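Here's the structure, in structure tokens; my notes come after.
The values are calculated or read from the model by the stated rules, or taken from the named source; none is laboratory data. Fair warning: this is a prediction, and the values are worked out from it, not measured in the lab. Glycine also receives a Cβ, built like all others from the backbone with ideal geometry; neighbour counts cover every protein chain displayed. Accessible surface areas use protein heavy atoms only, side chains included; no ligands, DNA or RNA. Shrake-Rupley method; radii C 1.70, N 1.55, O 1.52, S 1.80 Å.
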Amino acid sequence: MTLFSPLTLRSVTLPNRIGISPMCMYASREGFVTDFHVAHLGRFALGGAGLVIAEATAVHPRGRISPFDAGLWSDEQVPGWGRVAEVVGAAGAVPGVQLGHAGRRAAVREPWRAGAPLDETDAAVGHGPWPLDAPSALAAGPGHAVPAAVTAADIARSVQDWHDAAVRAVAAGFRFVELHGAHGYLLHSFLSPVSNRRTDAYGGSPQNRLRYPREVVTAVRSAIGDGIPLSFRLSAVDGAADGLGIDDTVGIARALAAEGVDLIDTSSGGITTDRSTDTRVRRGFAFHADFSRRIRDEAGVPTATVGLIVDPVQADRLLDHGDADLVLLGREALDDPNWPHHARAALGDDSHEGWDVRFGSALGPRARTLARLAAAGETPLSRFEG
Ligand SMILES: Cc1cc2nc3c(=O)[nH]c(=O)nc-3n(C[C@H](O)[C@H](O)[C@H](O)COP(=O)(O)O)c2cc1C
């Protein structure tokens, strides 16, 4: 049961190897989290996850994916997140947050409105669009606005934004910080030659394309101190012609680890929204595990893997097989927030250890009653038979 062994990163110990992947909920108001976030993230902690990573949280208002994204660009946003961190921590999970800036992919609608770029109908109700930031003046795909190529002064200000948001994350009580460096958002757009065509010190060679992400990592590390683990979500492959491949990503991971990153959260894709040129990774079970394994083995940095991890034995074997140090659940956890508790039972431990005592003390006797009825041949439908 490697899945239920602790994982220590810096001075923080996750009680097990199951994390909840960051998932935007589009439920914030002007960047402020709402009661929804407390309930939504709290139930994953009550469900037994060792780590709960809150959604991509913008370090600047222009870095919001949609008008309904959460933020940490202002001190006023700290208390709301403080409630989330407190509830998650009190339930026994490590509270984490993903800091992000959507770059040239910002200013779009929610996924259930097709994620389309904001237009005048959104503007009519006060929802953007706002100007986009990117390394080069190249649109993310059809229909997206052309971003402004940021200046060196913009970059310095942006590094400070990440720093300040990280300070606020710690003030809110988060004990794990992840930087969103995947899915075509600002950090990723600097890393990739598809979106970064700069000719200054922030573009051109792989080293130069790494410069801004490294500066962000250094700034965030100084903001969070030595004790808090820092994760970086990478797209292992860009999923576009002439984009980054896994060999490039191994090098990037190695460089980020040298800069103070403790975990590479391995995802993929997103550098373009153009479906005619987009080469998405096929969605099979554990579809990022091979990438995660290569980064772990070749860059020598702990990794998390995510993507259609749906079965407790599958999750346990991924760890035993050396594919990752941590498994993350996204949609599986939306479907079943108690997945970690159910996984523990499925792997042979039916002690209800790990459940909140209020639930566990009730569920133990229930399980024994159900076992007795099963042994007696009684089913829920027995009363309707015969
Ligand atoms: C509703 C939703 C919102 C998401 N938001 C984010 C996000 O904020 N940051 C991020 O890095 N990935 C985000 N993702 C991707 C997930 O974290 C995860 O990598 C992906 O869903 C694959 O894992 P799964 O198969 O377990 O769902 C989101 C996915 C979903 C379904």
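The residues in segment 296-316 that are within 22 Å of Pro6 (Cβ to Cβ), more than 12 Å from the ligand (Cβ to nearest atom) and touching a helix residue (DSSP H, G or I) at 6+ places or on another chain (Cβ under 6 Å) can be counted, and the count is 4.
Of the residues making up segment 110-119, one or more are more than 16 Å from the ligand (Cβ to nearest atom), surrounded by fewer than 16 Cβ atoms within 10 Å (Cβ to Cβ) and over 17 Å from the mean Cα position of the chain (by Cα).
Listed here are the residues, each with its yes/no results for (1) open to solvent by 30 Å² or more (accessible area, probe 1.4 Å); (2) of a type in the set (D, E, K, R); (3) in contact with a Cys (Cβ under 9 Å, 6 or more places away or on another chain); (4) over 19 Å from Gly63 (Cβ atoms).
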{"position": "Ser189", "(1), (2), (3), (4)": "no, no, no, no"}
{"position": "Arg214", "(1), (2), (3), (4)": "yes, yes, no, no"}
{"position": "Gly243", "(1), (2), (3), (4)": "no, no, no, yes"}
{"position": "Thr249", "(1), (2), (3), (4)": "no, no, no, yes"}
{"position": "Ile252", "(1), (2), (3), (4)": "no, no, no, yes"}
{"position": "Gly260", "(1), (2), (3), (4)": "no, no, no, yes"}
{"position": "Gly270", "(1), (2), (3), (4)": "no, no, no, no"}
{"position": "Ser276", "(1), (2), (3), (4)": "yes, no, no, yes"}
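Can you find even one residue in segment 165-177 that is in a loop (DSSP other than H, G, I, E, B), closer than 21 Å to Ser21 by Cα, in the same structural domain as Gly260 (by TED's automatic domain parsing) and basic (Lys, Arg)? Yes, there is a match, as at least one residue in segment 165-177 is in a loop (DSSP other than H, G, I, E, B), closer than 21 Å to Ser21 by Cα, in the same structural domain as Gly260 (by TED's automatic domain parsing) and basic (Lys, Arg). Select, from Arg293, Arg331, Arg358, the only residue that is within 16 Å of the ligand (Cβ to nearest atom) and open to solvent by 70 Å² or more (accessible area, probe 1.4 Å). None of the other options fit; the residue is Arg331. Screening the candidates Glu30, Glu55, Glu76 for the property of being open to solvent by less than 10 Å² (accessible area, probe 1.4 Å), acidic (Asp, Glu) and assigned by TED's automatic domain parsing to the domain that holds Ala107 yields one hit, Glu55.
Which of the residues that make up segment 273-290 are part of a strand (DSSP E or B) and within 12 Å of the ligand (Cβ to nearest atom)?
If we filter segment 273-290 for residues that are part of a strand (DSSP E or B), which is where we start, we get 278.
Within segment 273-290, none qualify.
Count of segment 34-52 residues, restricted to those that are buried (at least 24 other Cβ atoms within 10 Å of the Cβ) and either within 15 Å of the ligand (Cβ to nearest atom) or β-branched (Val, Ile, Thr) (or both), is 6. Only one of the numbered conditions (1) in a helix (DSSP H, G or I); (2) touching a residue at least 60 places away in the same chain (Cβ under 8 Å) is not met by Trp355, and that is (1).
The residues on offer are Ala156, Ala134, and the sole one that is of a type outside the set (S, T, N, Q), surrounded by fewer than 18 Cβ atoms within 10 Å (Cβ to Cβ), closer than 17 Å to Gly63 by Cα and away from the ligand (no atom under 16 Å from the Cβ) is Ala156. If the condition is being within 16 Å of the ligand (Cβ to nearest atom), among the β-branched types (Val, Ile, Thr) and out of contact with any Pro (no Cβ under 6 Å at 6 or more places or on another chain), then segment 2-33 contributes Ile20, Val33. Only one of the listed residues (Arg331, Arg294, Arg275, Arg282) is out of contact with any strand residue (DSSP E or B) (no Cβ under 7 Å at 6 or more places or on another chain), at pLDDT 95 or above and farther than 20 Å from Pro22 by Cα. That residue is Arg294. Against the conditions (1) closer than 28 Å to Ser268 by Cβ; (2) away from the ligand (no atom under 16 Å from the Cβ); (3) open to solvent by 10 Å² or more (accessible area, probe 1.4 Å), where does Ala166 fall short? Just the number, please. Only one criterion in (1) closer than 28 Å to Ser268 by Cβ; (2) away from the ligand (no atom under 16 Å from the Cβ); (3) open to solvent by 10 Å² or more (accessible area, probe 1.4 Å) is unmet by Ala166, namely (3).
Being closer than 21 Å to Ala223 by Cβ and among the β-branched types (Val, Ile, Thr) narrows it down to one residue among Val108, Val87, Val94; which is it? Reasoning before the result, please.
On the way: Val108 fails: closer than 21 Å to Ala223 by Cβ; Val87 fails: closer than 21 Å to Ala223 by Cβ.
The unique qualifying residue is Val94.
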